[in-house]
Structure formats: structure tokens, C-alpha cells
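Only one structure is covered here, and it is reproduced in the block below.
Computed from the coordinates by the stated procedures, all read-outs in this text should not be read as laboratory data. All values derive from a computational prediction rather than experimental measurement. As a convention, Cβ positions derive from the backbone with ideal geometry for all residues, glycine included, and neighbour counts pool all protein chains shown.
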Amino acid sequence: MVIPAAGVGRRFGGNTPKQYLELAGAMVIDQVLGQFVEHDAISGCVVALSADDGYWPDSRYAQHPRVQRAPGGRERCHSVANALAALTPLADDTDWVLVHDAARPCLRRQDLDALLEVLRDEPVGALLAVPVHDTVKRSRDGRHVEGTVPRAALWRAYTPQAFRLGLLRDALREADRRQQAVTDDASAVELLGLQPRLVEGHGDNIKITRPEDLPLARFFLEQQGRPCG
Ligand code: CTP
Ligand code: MG
């Protein structure tokens, strides 16, 4: 399991990176790790952290035996690549690795288990995703509509995303070599010509990105009946 957590949260703003803000009695990243560290199918977590991170020691999982740290990188894809490098001596190249954003605290256990179930007979890998329900417009100048994009084939890519360790490591390396910006793990695998499987999840698995997302996440956790703290 890899948790990229080395971002600064530029769009969210403020001094404290969003993964360390308080949410329903725990830090956002601790809400995230709580879903994975005791899960039977997950043998451990590597958390990618920026070098000057002074917040991680306050995590309730900082000293957990199934959690280790790796250095963060310039972009999310570099942080994930560093975490995979830390996993490489500990795992087989054919082992599944899940990658989940540190800023996505509302993942439902049910969606995680649905993803794991699909991996039983899916060779390439899989990701949680949600169909696009809004009408989508295209604009190059950001002011005028050029057209409407048919949404029937469009999905929002969420995490976790699961790939075999060796494949994901090679895919990220290749994306980097081609200087292709990839904002999720599946994009790197797609660049190799492979087709990851979509697993429909729930829309409340939001990534906290802007300030208004934090109260929304609090509401979703409450609705899910997740215990506080
Ligand atoms: N991330 C990372 N290393 C980076 C950039 C991002 O590990 N160099 C992580 C973030 O900590 C987050 C996840 O990747 O858990 C998703 O990224 P995003 O939501 O974009 O977070 P930030 O990059 O922190 O936010 P922003 O883009 O607004 O600065
Ligand atoms: Mg970012």
C-alpha cells in the first residue's frame, strides 16, 4: 500500500498541508491510514513524505510497525515512485500495490473491498471511479464555450488504484522518461498501451482539494457512521 502525502496543498491554501488538518477527531491522514493498516489483505503501508515535514510525528501511525516512510518527490508521480522503490526489497514484482491519496479520507470499506475483489481476475489492474453526471463543456480561453463533450463515456478517476508493483514502477519510469505529466497511476499504465479496469465506487470518496471540501468530508464521514477519532 502506498500513500502519497508529500503535497503542500497549494489549492487548499493555509499553513498546514491538508492531509494534516483535523477531521472528525483525527488528522485527515490518520482517517486514511485507519482504513488500511488493520485490513487483512494489506500487509503494510509506505507513506511518502516531504523532507521538511514536521507534522508526521504527530500521526497516531508514525511508529506503527506496519507503516514506514519514503521520501516525497517533486510531483505526486515521483512520490509514488519513491514509495515503490522502498517497497521493492520487501515485495515481489507481481504483488499488487494499492495507491491511495492522503487527502481522500472518505473511502468506504465496501468500495475498497469491491476493488480488491476485482483484482482476483483482472490481469492489468483497477481503479475506483465514478461516472460523470454533469454536462461537460470544452473551452480553450476559459471564457467561452466551444462545445459540449458527450459524457456517456466519461469517468472521474478516484483512488485507490491497484497495479502490480513491477508494472507500476516501469510505467512511472517510462512516463518520466517521456516527460509525460501523469496525475494518477492509471495514466502511466495507459501510456504503455494497457487498459486498467474501472470499478464503480461511491461519489463521497472525494479528494480534499479546496477549503470547501473539508466540511463536505466531515459530513460524508458522519453519514457513513464512521466513529470519531
Ligand atoms: N502528493 C505527493 N507528492 C507531491 C504532490 C502531491 O505525495 N509532490 C500527494 C498529496 O499529498 C495528496 C495526493 O498526492 O495526498 C494528491 O495530490 P493533490 O490533491 O494535488 O495534493 P497537493 O499536491 O498537496 O495539492 P495542490 O495540487 O493543490 O498543491
Ligand atoms: Mg497536486
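For region 40-88, which residues satisfy the criterion of being β-branched (Val, Ile, Thr) and more than 16 Å from ligand 2 (Cβ to nearest atom)? It would help to see each step written out before you state the result.
To start, the set of residues in region 40-88 that are β-branched (Val, Ile, Thr) comprises 42, 46-47, 67, 80, 88.
Once the filter is applied, which keeps residues that are β-branched (Val, Ile, Thr) and more than 16 Å from ligand 2 (Cβ to nearest atom), region 40-88 yields Ile42, Val46, Val47, Val67, Thr88.
Against the numbered list (1) touching a residue at least 24 places away in the same chain (Cβ under 8 Å); (2) within 20 Å of Arg109 (Cβ to Cβ), Gly225 comes up short only at (1).
Checked against (1) under 14 Å from the mean Cα position of the chain (by Cα); (2) closer than 13 Å to Val124 by Cβ, Ile206 passes all but a single condition, namely (2).
Here Arg140 meets the list (1) in a loop (DSSP other than H, G, I, E, B); (2) among the basic types (Lys, Arg); (3) more than 30 Å from Leu221 (Cβ to Cβ); (4) in contact (Cβ under 8 Å) with a residue 24 or more places away in the chain almost entirely, failing just condition (4). The set of residues in region 13-35 being in contact with a Leu (Cβ under 8 Å, 6 or more places away or on another chain) and within 22 Å of Gln161 (Cβ to Cβ) consists of Lys18, Val28, Gln31, Val32, Gln35. Any residue at all in region 129-146 that's away from ligand 2 (no atom under 16 Å from the Cβ) and either within 20 Å of Val2 (Cβ to Cβ) or buried (at least 16 other Cβ atoms within 10 Å of the Cβ) (or both)? So far as region 129-146 goes, yes, one or more of its residues are away from ligand 2 (no atom under 16 Å from the Cβ) and either within 20 Å of Val2 (Cβ to Cβ) or buried (at least 16 other Cβ atoms within 10 Å of the Cβ) (or both). Looking only at residues of region 1-22 that are surrounded by 24 or more Cβ atoms within 10 Å (Cβ to Cβ) and more than 14 Å from Asp53 (Cβ to Cβ), we find that the one that is farthest from ligand 2 (Cβ to nearest atom) is Met1.
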